[in-house]
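**Student:** Take a look at this one; I'll ask things after.
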Amino acid sequence: MKKFDDKDNGGAKPSRPKPFDWTTFLWILLGWMAISYMVNLHRAPSQLELSYTEFKKTVQEGEVAEITVKGDAVTGVFKQRMSRESLKAPATGSQEKGGGEEKRPPGEEPPGYKRFQTTLPSLDDPGLLTLLEKKGVVINAESDERSVWITLLVSALPWVLIIGFFIYSSKKMQERMGGGGGGPFGFGKSKAKLYRKSKSDLNFENVAGLSNAKKELLEVVEYLKDPGKYKDLGGKLPNGILLVGPPGTGKTLMARAVAGEADVPFFSISGSEFIEMFVGVGASRVRDMFKNAKKEAPSIIFIDEIDSIGRVRGTGLGGGHDEREQTLNQILAEMDGFSPHESIVVMAATNRPDVLDPALVRPGRFDRRVTLELPRKDSRKKILEIHARDIPLASDADLETVARRTVGFSGADLENLVNEAALLAARRGKEQVEAQDFEEGADKIIMGIEREDLVTDKEKETIAYHEAGHALTAKLLPNTDPLKKVTIIPRGRALGATEQLPEEDRYNLGRRYLLDRVAVMLGGRVSEQVVFDDVTSGAGDDLKKASQLVRRMICQWGMSDKLGPVTFNRGEPHPFLGRELTESRDFSEHTARLIDEEVRGILVDAENRVRELLQSNRHRLDTLARSLLDHETLSDEEIDGILEEQPPVEARKAS
């Protein structure tokens, strides 16, 4: 006999027989019942309904041949067919003798009914039995008591159907929710989705960058595959791994890659899926999830957004015995109760590690913390290559240039950038994605879509001088990032934009660099003062960012000569209102006044530096503003061409 394998089917797995479709069966059954009801509703009755008086009259006239009595119901057979009209007509001699019937063709039955039914009255009629015997009517009697099984069936069948309907609905609900424990009988069941190796087509090769994080997680995967390699040296499997990083850095993606790499069951669930309106449901789901994981050990449990249930206990204004805290207590008990022979790893992801309960992140529970940072330039290029591998790129579309421009972009932002560029190219009918599409896609993500606002010539001139002030300050100060382009085209909430492109990723910021950065932020406002002797609301966002940056320099980085190398817990928002109310401030009111004065002093000094710089280069400012009014957008090379007529006046060095 020939053996069939996957190759005989073109490499596809043999199809399994489809399960019986109960939904179709129920619809067919309901349709059949409805049709039967309608047919029976319009079908002519097969026996004549008689009142008790009419029944006795037909017996007296000798028209009844046989009756059957069952309780108070009586059914019988006429000697000849009778109709309602014949019952009302007076009896004739020929009818009493059974004669006088109308002759009919052979095979055609006379009109009327052969059978009848009636109901006996509750009052006794002792003469009825005598009348029946006198007329020679055959009397049959049946018991009206139903059998025990029929009684049980009739009484229990509705409940069986109702319970069956709820069970069927519960299973369907679980299927829609991905196999979780939903439905009316599964509140306490875990909603964690189980993944096998064959169900995930994602692995570490699909995750660009994050080499250190991959090493940490690959070690856990190898331990689960070959624990003897580590046990021989006395190594133990970490109970928990916490993935920490800003949004969009690939925490969930990394967990899915672990599911693809590990040849063990992988349970995935979100922290919010534990919480329900019923008390104790979350803790029950935690117990059920760990129970299933222990059955499948070695296995991995992944809890996404664990901060939704793992926040610090005893904070806020809502008390300490709510459903969320009970769920957290159960997680703590399960993670600390692993037996030595149970190879279970709990992975969790969060972008708020500061709000997690200390008992959750202590050694013995989450033993290892893996930090996923924003990708650097080389990693950004690899991420772009992964997302653009199925996109036709033009020869001028250099992904390295795109990676250099997208400083601060996360992996999710880069994926969105590639998609936006492809959409823009398709909208314009192109066959390939060009560098211009990536450029405009990045502008759309950073600054928003172009606005078609109608601004007056005076407003447009003010915007041009504002952006020219930013650009000229960035060109003249020594410690600023290189200029990329300047535009006065409104985008999003901004009326214009000045874009700077760092030559490399910065992770350590110097004081001179930060002061020049603050000066560039103030360049637009100072330019309005120098040219128009007035200021506008367009500098509101610049002032906000500059003030925040200076306050961080003073309170967090110790970059103040007056306050010295001291940090102050100021300007860091807390996740809970109650925690903010009960936490004491670690500096006095006098120090707070000194901080405010120092912030103002640094901003005023930076503003004076920029004013001196722009007044000394007023002719360059005017030339740059006029070029922006003519062209609306200027690149770095065009700005250099405008400013190379005369050497700029040197700026005053920052103190």
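The values are calculated or read from the model by the stated rules, or taken from the named source; none is laboratory data. Here the structure is a predicted model, which means the values were calculated and not measured. All Cβ positions, glycine included, derive from the backbone under ideal geometry; neighbour counts span all protein chains shown.
**Student:** Looking at (1) touching a residue at least 60 places away in the same chain (Cβ under 8 Å); (2) in contact with an Asp or Glu (Cβ under 6 Å, 6 or more places away or on another chain), find the lone condition where residue 560 falls short.
**Tutor:** Just one mismatch for residue 560, condition (1).
**Student:** Now for a different question. Just to be sure, is residue 365 closer than 21 Å to residue 237 by Cβ and either in contact with a His (Cβ under 7 Å, 6 or more places away or on another chain) or in a loop (DSSP other than H, G, I, E, B) (or both)?
**Tutor:** Numbers: closer than 21 Å to residue 237 by Cβ: yes; either in contact with a His (Cβ under 7 Å, 6 or more places away or on another chain) or in a loop (DSSP other than H, G, I, E, B) (or both): yes.
In short, yes.
**Student:** Looking only at the range 242-288, filter to residues that are under 19 Å from residue 375 (Cα atoms) and basic (Lys, Arg); which one of those is modelled with the lowest pLDDT?
**Tutor:** So, considering only residues that are under 19 Å from residue 375 (Cα atoms) and basic (Lys, Arg), the one modelled with the lowest pLDDT is 256.
**Student:** Could you tell me how many of the residues in the range 213-240 are surrounded by 12 or more Cβ atoms within 10 Å (Cβ to Cβ), farther than 19 Å from residue 302 by Cβ and not charged (D, E, K, R)?
**Tutor:** As a first pass, look at the range 213-240 and keep what is surrounded by 12 or more Cβ atoms within 10 Å (Cβ to Cβ): 213-214, 216-225, 227, 230-231, 235, 237-240.
Now restrict to residues that are farther than 19 Å from residue 302 by Cβ: 227, 230-231, 235.
Next, only the ones that are not charged (D, E, K, R) stay: 227, 230, 235.
Residues that pass the stated criteria total 3.
**Student:** Residue 288: touching a residue at least 24 places away in the same chain (Cβ under 8 Å), among the acidic types (Asp, Glu), surrounded by fewer than 19 Cβ atoms within 10 Å (Cβ to Cβ) and not in a helix (DSSP H, G or I), yes or no? Steps first, please.
**Tutor:** Values: touching a residue at least 24 places away in the same chain (Cβ under 8 Å): yes; among the acidic types (Asp, Glu): yes; surrounded by fewer than 19 Cβ atoms within 10 Å (Cβ to Cβ): yes; not in a helix (DSSP H, G or I): no.
Here the answer is no, as residue 288 does not meet what is asked.
**Student:** Within the range 411-420, is there a residue that is in a loop (DSSP other than H, G, I, E, B), of a type outside the set (A, V, I, L, M, F, W, C) and either under 27 Å from residue 210 (Cα atoms) or touching a His at 6+ places or on another chain (Cβ under 6 Å) (or both)?
**Tutor:** First, pick out the residues of the range 411-420 that are in a loop (DSSP other than H, G, I, E, B): none.
No, that holds for no residue.
**Student:** Continuing with the same structure: Identify, by number, the condition in (1) part of a helix (DSSP H, G or I); (2) surrounded by fewer than 14 Cβ atoms within 10 Å (Cβ to Cβ); (3) in contact with a Gly (Cβ under 6 Å, 6 or more places away or on another chain) that residue 544 doesn't meet.
**Tutor:** Looking at each condition in turn, residue 544 falls short on (3).
**Student:** Considering each residue of the range 340-366, count those that are surrounded by 17 or more Cβ atoms within 10 Å (Cβ to Cβ) and acidic (Asp, Glu), and give that number.
**Tutor:** Going through the range 340-366 one residue at a time, the tally reaches 1.
**Student:** I want to confirm something. Restricting to the range 62-72 and keeping residues that are touching a residue at least 60 places away in the same chain (Cβ under 8 Å) and touching a strand residue (DSSP E or B) at 6+ places or on another chain (Cβ under 7 Å), which single residue is surrounded by the most Cβ atoms within 10 Å (Cβ to Cβ)?
**Tutor:** Step one: of the range 62-72, the residues touching a residue at least 60 places away in the same chain (Cβ under 8 Å) are 62, 64-71.
Next cut, touching a strand residue (DSSP E or B) at 6+ places or on another chain (Cβ under 7 Å) only: 64-70.
Values: 64: 24, 65: 15, 66: 15, 67: 20, 68: 15, 69: 16, 70: 12.
Once the filter is applied, the top-ranked residue is 64.
**Student:** Identify, by number, the condition in (1) within 29 Å of residue 327 (Cα to Cα); (2) at pLDDT 70 or above that residue 175 doesn't meet.
**Tutor:** (2)
**Student:** So, one more: I'd like the full set of residues that are aliphatic (A, V, I, L, M) and more than 43 Å from the chain's Cα centre (by Cα), limited to the range 503-536.
**Tutor:** To start, the set of residues in the range 503-536 that are aliphatic (A, V, I, L, M) comprises 509, 514-515, 518-522, 526, 530-531, 535.
Those that are aliphatic (A, V, I, L, M) and more than 43 Å from the chain's Cα centre (by Cα): 526, 530, 531, 535.
**Student:** Follow-up question, since we're still on this one. Pairs only if they're at least six apart or on different chains, beta carbon under 9 angstrom, first in the range 600-628 and more than 16 Å from residue 483 (Cβ to Cβ), second polar (S, T, N, Q) and not in a helix (DSSP H, G or I); list them, first residue then second.
**Tutor:** 602/560; 605/655; 619/646
**Student:** Still on this structure, please answer the following. Those residues that are under 18 Å from residue 141 (Cα atoms) and of a type in the set (A, V, I, L, M, F, W, C), I need them from the range 44-89; list them, please.
**Tutor:** 55, 59, 64, 65, 67, 69, 73, 74, 77, 78
**Student:** I need the full set of residues from the range 526-541 which are surrounded by 15 or more Cβ atoms within 10 Å (Cβ to Cβ) and not β-branched (Val, Ile, Thr), in order please.
**Tutor:** 527, 528, 529, 538, 539 - these are the residues of the range 526-541 that are surrounded by 15 or more Cβ atoms within 10 Å (Cβ to Cβ) and not β-branched (Val, Ile, Thr).
**Student:** So residue 465 clears everything in (1) outside the structural domain of residue 561 (by TED's automatic domain parsing); (2) modelled with pLDDT of 85 or more except one condition, right? Which one?
**Tutor:** All conditions pass for residue 465, except number (1).
**Student:** Go through the range 252-284 and report how many residues are within 22 Å of residue 364 (Cα to Cα) and assigned to a helix (DSSP H, G or I).
**Tutor:** 4
**Student:** Here's another thing I want to ask about it. Give the range 400-409 a look and list any residue that's part of a helix (DSSP H, G or I) and surrounded by fewer than 20 Cβ atoms within 10 Å (Cβ to Cβ), or say none.
**Tutor:** First pass over the range 400-409, keeping only residues part of a helix (DSSP H, G or I): 400-405.
Passing the criteria: 400, 401, 404, 405.
**Student:** Just give me the residues in the range 454-510 being among the small types (Gly, Ala, Ser) and more than 17 Å from residue 626 (Cα to Cα), in sequence order. Steps first, answer last, please.
**Tutor:** The initial filter retains those residues of the range 454-510 that are among the small types (Gly, Ala, Ser), namely 464, 468-469, 471, 474, 492, 494, 496-497, 510.
The answer is 474, 492, 494, 510.
**Student:** While we're looking at this one, here's another question. Within the range 601-618, does at least one residue satisfy the condition of being farther than 22 Å from residue 531 by Cβ and either modelled with pLDDT of 85 or more or touching a strand residue (DSSP E or B) at 6+ places or on another chain (Cβ under 7 Å) (or both)? Even if it seems obvious, please write down each step before you answer.
**Tutor:** Residues of the range 601-618 that are farther than 22 Å from residue 531 by Cβ, as a first pass: 601-602.
From the residues that got through so far, the ones that are either modelled with pLDDT of 85 or more or touching a strand residue (DSSP E or B) at 6+ places or on another chain (Cβ under 7 Å) (or both) too are 601-602.
Looking through the range 601-618, at least one residue is farther than 22 Å from residue 531 by Cβ and either modelled with pLDDT of 85 or more or touching a strand residue (DSSP E or B) at 6+ places or on another chain (Cβ under 7 Å) (or both).
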